[in-house]
Amino acid sequence: MDTTQFLKKTIDGVTQIEPALTPPPMEGTHPAFAKKPKLGSSHSKTKKREIPEGLWTKCPSCESMIFDKELDENLKVCPKCQHHFPIGSRERVHSLVETCTFEEMDAEMTSVDILKFAAYKSKLDRDRKATTLKDAVITGIGKIGSHRVALGVMDFSFMGGSMGSVVGEKLTRLIERGTEGNWPVIIISTSGGARMQEGCMSLMQMAKTSGALAYHAQHRVPYISVLTNNSYGGVMASYAALGDLIVAEPEAMIGFAGPRVIKDTTHAELPPGFQTSEFLLEHGLIDSIVPRKDLKERLVKYLEFFTAGHRYRKA
Ligand SMILES: [Zn+2]
């Protein structure tokens, strides 16, 4: 049997070069190359157990692995422990309105970097690309059951659901359209608060949306506010807290300032469950806790209740 031989041949006129297989020098290399992983080491074991990304999601509450398709079909709620994952605004609209009844409003409205705030424009571009949304809220008129409603749904994946001038303007137009058409307004909130990159322009949205809701209330047409996980700041200090009915998803965190800020300011120990929807139901801020899969049915019941003997148009 012949043995393969690797012979270094020199070609006339060509200076000797290093063979291509020379290992890179150890000094100054990336740490990943510094140590060769041993066969059968823990590293190779974890590699075997690696789960392809985008197929499974680990529930942060019960730690079980959920098949993504199952999670989607269950409206992003863990089938084992009922933990509510964040849900996109489009999926939410789809889960609530009757098929082909939703007419989106102001779909092309976009924020302007009015203050030339550092990195704001690039953040807007990044989130527009990542979410394919134009801003942190979708608004429109659609039917829930047999009731035509003005529906606004916020999206946390767009700059933390922060309320800038576009969110405020879109919601104000939605509320005004609801008032005009005598349709109930439903807003599903999730937000980190006002959008600091728009400074006082974002804070002005609090007054604008609240003013529109005051006119809406004068027409004696209902407004239902639905609070979902992470409803904070300027949103909670304005339209989200002004519902004729305020409902919340289970275990949602709701407040103005976050618990850490309150704890640091008051230097007091916070009660267990502070700022959860369960705590706030007990203390009277919200009227009801509704699991996501029951929300549509429950909204229809509320709308039926409000419609009974009322003058506002049903459809
Ligand atoms: Zn779970």
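The values are calculated or read from the model by the stated rules, or taken from the named source; none is laboratory data. Quick caveat, the model's predicted, so the values are computed rather than measured. Because the Cβ atoms are built from the backbone with ideal geometry, glycine has one as well, and the counts that use them run over all protein chains shown.
Looking across 130, 118, 150, one residue alone is over 16 Å from the mean Cα position of the chain (by Cα), away from the ligand (no atom under 16 Å from the Cβ) and exposed (fewer than 15 other Cβ atoms within 10 Å of the Cβ). It is 118.
Pairs are defined by a Cβ separation below 9 Å, a sequence spacing of at least 6 or placement on different chains, a first member in the stretch 211-227 that is outside the structural domain of residue 280 (by TED's automatic domain parsing) and more than 20 Å from residue 288 (Cα to Cα), and a second member that is β-branched (Val, Ile, Thr) and surrounded by 22 or more Cβ atoms within 10 Å (Cβ to Cβ); no pair meets this definition.
Which ones in the stretch 160-202 are under 14 Å from residue 237 (Cα atoms) and either surrounded by fewer than 18 Cβ atoms within 10 Å (Cβ to Cβ) or not assigned by TED's automatic domain parsing to the domain that holds residue 228 (or both)? Across the stretch 160-202, there are no qualifying residues.
Within the stretch 118-131, identify whether any single residue is among the hydroxyl-bearing types (Ser, Thr, Tyr), closer than 21 Å to residue 188 by Cβ, in the same structural domain as residue 250 (by TED's automatic domain parsing) and part of a loop (DSSP other than H, G, I, E, B), and answer yes or no.
Looking only at the stretch 118-131, we keep the residues that are among the hydroxyl-bearing types (Ser, Thr, Tyr), and these are 120, 122, 131.
Right, trim to closer than 21 Å to residue 188 by Cβ and you get 131.
Now restrict to residues that are in the same structural domain as residue 250 (by TED's automatic domain parsing): 131.
Applying the additional criterion that residues be part of a loop (DSSP other than H, G, I, E, B) yields none.
No.
Considering the stretch 73-93, the residues that are more than 15 Å from the chain's Cα centre (by Cα) and surrounded by fewer than 17 Cβ atoms within 10 Å (Cβ to Cβ) include one that is farthest from the ligand (Cβ to nearest atom), namely 73. Cβ-Cβ distances below 6 Å connect no pair with a first residue in the stretch 65-78 that is farther than 11 Å from residue 95 by Cβ, a second residue that is of a type in the set (Asp, Glu) and buried (at least 18 other Cβ atoms within 10 Å of the Cβ), and a separation of six or more residues or different chains.
Do the conditions hold for residue 254, that is, is it buried (at least 19 other Cβ atoms within 10 Å of the Cβ) and in contact (Cβ under 8 Å) with a residue 40 or more places away in the chain? If you could, list the steps in order and put the result at the bottom.
Numbers: buried (at least 19 other Cβ atoms within 10 Å of the Cβ): yes; in contact (Cβ under 8 Å) with a residue 40 or more places away in the chain: no.
In short, no.
Of all residues in the stretch 60-72 being part of a helix (DSSP H, G or I) and touching a strand residue (DSSP E or B) at 6+ places or on another chain (Cβ under 9 Å), which is nearest to the ligand (Cβ to nearest atom)? The qualifying residue nearest to the ligand (Cβ to nearest atom) is 71.
Where residues in the stretch 294-308 are more than 21 Å from residue 220 (Cβ to Cβ) and surrounded by 13 or more Cβ atoms within 10 Å (Cβ to Cβ), which of them is nearest to the chain's Cα centre (by Cα)? Looking at the filtered set, the residue picked out is 295. Going by what's in this entry, would residue 123 be described as at pLDDT 95 or above and in contact with a helix residue (DSSP H, G or I) (Cβ under 8 Å, 6 or more places away or on another chain)? Taking the combined requirement at face value, the residue satisfies it.
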